[in-house]
Structures are given as structure tokens and as C-alpha cells.
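*Asks:* Structure incoming, see below.
Only the coordinates and a few stated rules stand behind these numbers; no lab work does. Keep in mind the model is a prediction, meaning the values are calculated, not measured. So basically every Cβ, Gly included, is an ideal-geometry build from the backbone, and we count neighbours across all protein chains shown.
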Protein chains: 2
Amino acid sequence: MPHTYQFARPALTVDIVVFGLDEDDLQVMLIQRDLPPFEGEWALPGGFVHVEETLEEAARRELVEETGLKDIYLEQLYTFGAVERDPRERVVTVAYYALVNLEGHDVQASTDARNAAWFPVSDLPKLAFDHQQILDAAHARLRGKVRYQPIGFELLPDRFTLRQLQRLYEVILDRELDKRNFRKKVLAMEIVKETNEIEKDVAHRAAKLYRFDKRTYDRLMKQGFNFEI
Amino acid sequence: MPHTYQFARPALTVDIVVFGLDEDDLQVMLIQRDLPPFEGEWALPGGFVHVEETLEEAARRELVEETGLKDIYLEQLYTFGAVERDPRERVVTVAYYALVNLEGHDVQASTDARNAAWFPVSDLPKLAFDHQQILDAAHARLRGKVRYQPIGFELLPDRFTLRQLQRLYEVILDRELDKRNFRKKVLAMEIVKETNEIEKDVAHRAAKLYRFDKRTYDRLMKQGFNFEI
DNA sequence: TTCCTTAGTGTGTGTTCGACACCAATATGG
DNA sequence: CCATATTGGTGTCGAACACACACTAAGGAA
């Protein structure tokens with residue numbers, strides 16, 4: 001069923017940078033390509049935008065198809081339109097980034113006959129197309145955003161310890177933070193609430209579990225704040 | 001010369017929100033449409049992306065064609081992809097925003113047989129398509145960005161007074177700032193340099209003219225800073 | 001020369017940032 | 001059961017910064 005237009009049109013795709021938090025690493029979900037070009041190389045999940053779906057719908061659809069991930073935090077990153085970024089033809093891609101916590105979501109590493117896997121951002125394989133550039137942009141955005149928005153909670157399980165939250169920030173910012181100052185700051189902005197529960201099955205003193213205060217969280221998410229920790 | 005593809009493709013356009021600074025208002029450049037749909041209504045400058053040009057090239061080309069503006073500060077804003085945003089067919093648009101100073105650039109209000117004009121953001125006509133939404137997003141971005149990047153200098157002439165700079169910030173942030181604290185802060189970050197010149201033709205004490213220190217400016221532009229004034 | 005308008009300048013107070021060290025609780029292993 | 005290893009949890013002090021605030025200086029206009 002061919003479609004004809006008066007002027008040539010670039011193809012339009014979405015690509016998604018999915019960040020996940022491991023015990024001590026920031027990870028990214030990659031797909032091994034089973035078709036040329038770049039056959040066998042690793043690439044970001046993504047695909048063509050259908051005419052009857054929005055960009056975000058396309059991103060969510062591709063995520064489910066290729067990785068099984070759904071109902072996750074997703075945000076538009078940037079649109080990449082270099083003329084030669086795909087060797088076959090002109091392809092413009094709208095990049096999104098996603099945050100998931102590796103414990104909560106059931107990640108089917110392989111669906112759609114493709115090979116999917118997590119890689120630590122600090123040790124990535126060579127990526128197809130300009131996907132390294134897209135990933136760098138997403139990482140930079142994450143680092144920048146964390147300073148003025150309470151982003152990143154999506155990377156943690158529902159109940160978490162303050163230590164986990166701190167490590168999240170340390171991994172994203174790539175530097176160590178002072179424990180006392182961190183706790184002071186986080187508690188002061190009232191973004192988390194103590195629960196009655198404590199950690200289980202740890203070989204040391206168990207930490208209290210916290211959860212976000214959704215109200216404060218959403219408010220700060222909108223108006224921004226200053227997290228120069 | 002028709003072009004045929006196996007699957008239907010959305011059309012791809014760029015739209016540009018051009019901000020300019022008047023004596024006391026933040027303004028936006030709009031184009032009056034001479035074709036349906038929305039014939040006669042005002043819209044953002046923009047147009048189709050050609051297959052052999054990048055997105056930014058398309059934005060700059062359309063700006064020259066429709067407003068005569070060139071060599072200006074331009075930054076990608078967001079990509080809008082709602083299915084029904086154009087009543088004719090599926091059109092995805094990559095929005096950019098631009099900053100110019102109204103004194104420096106020779107703005108041909110009308111080129112390309114179209115009617116172009118500046119409007120204060122506080123008093124806009126009804127806009128075609130979803131352009132009001134795009135404009136709101138650009139305005140929000142400008143307000144947000146001004147807090148952590150020395151953006152906005154592009155809105156001023158080459159030499160300017162600190163009073164002008166302050167009014168720029170006041171207009172963007174939409175609140176009054178303390179003169180002494182403002183000057184203290186701006187001078188402390190060494191982003192501007194005093195010149196030997198002073199204002200001319202003013203009916204009161206003439207102010208010193210300043211210009212940016214390009215080195216500091218570019219550095220802060222990259223690494224960001226904190227402008228919670 | 002008087003008046004009007006904007007330019008230009010400094011201090012003090014409260015708040016926040018950032019550096020820094022020790023005891024508490026629990027599991028493990030001898 | 002005692003020792004040890006590991007992480008949890010807490011407070012203070014000095015420095016830097018944010019913010020509120022009011023008067024004199026300069027120049028043109030009437």
C-alpha cells in the first residue's frame with residue numbers, strides 16, 4: 001500500500017534511552033540489531049512513528065515491543081536531524097529518555113526476536129548510528145536536571161532507604177556526597193516520608209524505609225527547586 | 001516529481017518562536033497566514049524541512065525567508081507531534097526558539113509576500129494551529145533557563161546599560177528585582193565589562209555602557225551557574 | 001536655579017552550604 | 001557469647017551567600 005507525496009519526506013523515528021539503576025551502576029538498555037545496517041551492533045530501542053500515533057505513543061509502543069517495559073517515566077529529550085545520520089536515507093529521530101528501577105519492573109531482556117540487555121553507562125559497546133551521541137545527550141540531561149528537579153525517584157523501588165537515594169545521586173552526578181548533608185537536605189525539602197518498615201535481610205544494621213511524598217514531589221517537579229548538593 | 005514510500009509518513013516542519021526585547025516588553029514575531037487553513041490568522045514563522053537540510057538549517061532558512069532575520073541565537077525547544085494538530089494531515093513540528101535584540105537586527109517586517117509583525121507576549125492575538133502552546137513552552141523555557149544560564153544577552157544591543165540588563169531579567173521573570181543586589185551579582189560573576197562610553201541622548205544622568213566578557217559568558221553558558229536573583 | 005529622573009553605591013542580618021567524627025544496631029564467625 | 005565487621009544515624013560551627021533597605025550624584029528640562 002504505497003503512499004505518494006509531492007515532496008520527499010524524511011522518515012521519522014523515535015529512539016529511547018532507558019536508564020536503570022543497579023546496585024551501584026547506572027545502566028542503559030540496548031538492543032542488538034538483527035538487520036543491516038549495523039547488523040549485530042548494539043543500538044537504542046526505537047522505531048518508526050506511525051501516522052496515527054503521537055510521538056510519545058510511538059516511544060511507548062516500541063518500548064513494549066522491544067523490551068517489554070511499560071508504564072514508565074518518559075520524557076522527550078531532543079530531536080536529531082543530521083542529514084547523514086542513517087546511511088540508507090534521511091531519518092529524523094525524536095529521542096526520549098526513560099527512567100525505571102530494575103527491581104520493580106519485570107524486564108524481559110528479549111522479545112520480538114531481538115536481543116536486549118542492560119549495560120553500565122561507564123562501559124558501553126560501540127553503538128550503531130549516532131546513538132552514542134543521543135545517549136551522551138540523555139546522560140547530560142539527567143545530570144543537569146537532577147540539580148533543579150526531583151527527578152530520578154523513578155529509578156528506585158517503591159520503598160527505599162536514604163542510602164539508596166544518595167547512591168542514586170552519586171551515580172548520576174558521578175561524585176561522592178556527604179551523608180549528613182544529603183540527609184539534611186532531602187528531609188528538609190519534605191520530599192520523602194518515613195515509613196514504619198525497615199530493611200530486611202541485610203548483614204548490618206537495617207535502615208528505615210522511606211517513600212516519596214507524592215504531593216511535595218509533584219509540586220517541586222513542576223516549579224523546580226535548587227538541589228546543589 | 002512525486003515521492004513514494006511503503007508506509008505513510010508524517011510531514012515534518014519547523015516552527016520558530018522569535019523573542020525580541022522592546023523598551024519594556026518581551027515581544028514575539030508572528031506571521032499572518034495567507035493560505036488556508038487559518039487564513040488571515042497569526043502564526044509562528046516556520047515551514048517544511050527539506051530532505052537535504054538539517055533541522056536547524058531549515059529553521060534558519062525559514063527565518064530568513066519569512067522575516068529576514070539571520071545569524072541569530074537559535075535553540076531547539078521541543079517537538080510537537082499531536083495527531084490532530086494540523087487539520088489537513090499529520091504534521092510533526094520541531095520547535096525552535098530564537099533571541100534577537102530589536103535594535104541590532106534589521107527586521108524586515110514583511111517579506112515573501114507575508115505580513116510579519118512583533119507582538120508583546122502579554123497581549124497576543126489568537127494563534128493558528130497549536131502555536132499558542134508552542135509559544136507558552138518557549139516562554140516557560142526562557143524563564144527556566146535564565147536561572148541557570150546567562151541566556152538573554154542576545155536580546156540586548158552590543159553595548160548596554162546595567163539598567164537595560166536588569167529590565168530584561170525583570171521582563172522575562174515577570175517580577176521586580178533589587179537594583180543593588182542585581183548589579184552586585186552580575187558584576188561579581190564577571191560576565192560584563194565596563195566600557196569607557198556612556199549613554200547618549202537621555203534626559204537624565206547618563207549610565208555607563210557595558211559589554212559582555214565573551215570568555216566568561218561562553219564558559220558559564222556551558223557549565224551553567226546559579227542565578228537565583 | 002529648580003526640579004525631575006535615573007545612576008550609582010554599602011551594610012547588616014538571617015539563611016544556607018559544606019566540612020567534619022562518633023556511637024548504635026545488627027549479622028557473622030570464631 | 002564475645003569480637004568484629006558493616007552500615008545506620010545524628011549535630012555543630014564557620015564561611016559564603018541572599019536579601020532587605022535609602023541616600024547622594026549627575027544631567028537635562030522647564
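*Asks:* Name the residue, out of B:HIS204, B:HIS131, B:HIS50, whose mean-square fluctuation peaks in a Gaussian network model built on chain B with Cα pairs under 10 Å.
*Replies:* Highest fluctuation among the options: B:HIS204.
*Asks:* B:LYS222: which aspartates and glutamates have alpha carbons under 19 Å from its alpha carbon, excluding same-chain residues fewer than 8 sequence positions away?
*Replies:* Within the straight-line cut-off, B:LYS222 pairs with A:ASP136, A:ASP174, A:GLU228, B:GLU75, B:GLU154, B:GLU190, B:ASP213.
*Asks:* OK, next. Counting DSSP beta bridges with both partners in chain B, what percentage is antiparallel, nearest 5?
*Replies:* So the antiparallel bridges amount to about 70 percent of the total.
*Asks:* Choose one answer from A:ARG167, A:ARG141, A:ARG219: the residue with the largest mean-square fluctuation in a GNM of chain A with alpha-carbon springs under 10 Å.
*Replies:* Of A:ARG167, A:ARG141, A:ARG219, the most mobile in the Gaussian network model is A:ARG219.
*Asks:* Assuming a viscosity of 1.002 mPa s and a temperature of 20 °C, what translational diffusion coefficient in µm² per second does Stokes-Einstein assign to chain B, Rh being the Kirkwood radius over Cα pairs?
*Replies:* Details: Rh = 19.1 Å.
For these conditions, the coefficient is 112 µm²/s.
*Asks:* Rounded if a/c is under 1.5, else prolate if a/b is larger than b/c, else oblate: which is region B:11-145, with a ≥ b ≥ c the root eigenvalues of its Cα gyration tensor?
*Replies:* Here region B:11-145 falls in the rounded category.
*Asks:* Tell me the distances, shortest first, between B:LEU124 and the same position across the other copies, using label points 7 Å along Cα→Cβ, in nm to one decimal.
*Replies:* 3.5
*Asks:* Okay, next question. With +1 assigned to the C-beta of every Lys and Arg and -1 to the C-beta of every Asp and Glu, and no other charges, what is the dipole magnitude of region A:153-217 about the Cα centre in debye, to the nearest 20?
*Replies:* Using Cβ point charges on Lys, Arg, Asp and Glu, region A:153-217 gives about 260 debye.
*Asks:* Quick check on the protein assembly as shown: of the DSSP beta bridges with both residues there, what percent are antiparallel, nearest 5%?
*Replies:* 70 percent
*Asks:* Also, quick follow-up: Just how far, in whole angstrom, is region A:200-229 from region A:23-42 if you go by their alpha carbon centroids?
*Replies:* Cα centroid of region A:23-42 versus Cα centroid of region A:200-229: 31 Å apart.
*Asks:* Running a GNM on chain A with Cα contacts under 10 Å, which residue among A:GLU66, A:GLU154, A:GLU170 ends up with the highest mean-square fluctuation?
*Replies:* Highest fluctuation among the options: A:GLU170.
*Asks:* Okay, which of region A:116-148 sit inside 14 Å, backbone N to the point 7 Å along the Cα-Cβ direction of A:ASP22?
*Replies:* Within reach of a label on A:ASP22, which here means backbone N under 14 Å from a point 7 Å along Cα→Cβ, region A:116-148 contributes A:117-125.
*Asks:* Over the C-alpha atoms of region B:159-223, what are the Rg and the largest Cα-to-Cα span, Dmax, in Å?
*Replies:* 12.6, 40
*Asks:* Rounded to the nearest 20 Debye, what is the dipole magnitude of region B:11-145 about its Cα centre when Lys and Arg each give +1 and Asp and Glu each give -1 at the C-beta? Can you show the working numbers first?
*Replies:* Values: 12 positive and 26 negative charges, 80 e Å.
Dipole size: approximately 380 debye.
*Asks:* Related question: In debye, nearest 20, what is the charge dipole magnitude of chain A about its Cα centre with +1 on Lys and Arg Cβ and -1 on Asp and Glu Cβ, if you could check?
*Replies:* Magnitude of the dipole: close to 1140 debye.
*Asks:* On to the next question. Given the pairs A:LYS184/B:LYS185; A:LYS145/B:LYS193; B:LYS145/B:LYS185; B:LYS185/B:LYS208; A:LYS185/A:LYS208; A:LYS193/A:LYS214, which are separated by over 19 angstrom at their Cα positions?
*Replies:* Table pairs above 19 Å Cα-Cα are A:LYS184/B:LYS185; A:LYS145/B:LYS193.
*Asks:* What percentage of all Cα-Cα pairs in region B:1-62 are separated by more than 19 Å? Kindly include the intermediate steps, with their values, before the conclusion.
*Replies:* Values: 954 of 1891 pairs.
Tail of P(r) above 19 Å: 50 percent of Cα pairs.
*Asks:* Write down the percent of antiparallel bridges among all DSSP beta bridges whose residues are both part of region B:11-145, to the nearest 5.
*Replies:* Of all bridge pairs located within region B:11-145, approximately 65 percent are antiparallel.
*Asks:* Per-residue mean of other chain beta-carbon atoms within 10 angstrom of the beta-carbon, peptide B:2-15?
*Replies:* Rounded to a whole number, the mean comes out at 6.
*Asks:* Now, a different point. If you take the square roots of the eigenvalues of the alpha-carbon gyration tensor of the protein assembly as shown and sort them as a ≥ b ≥ c, do you get rounded (a/c under 1.5), prolate (a/b over b/c) or oblate?
*Replies:* Cα axes put the protein assembly as shown in the oblate bin.
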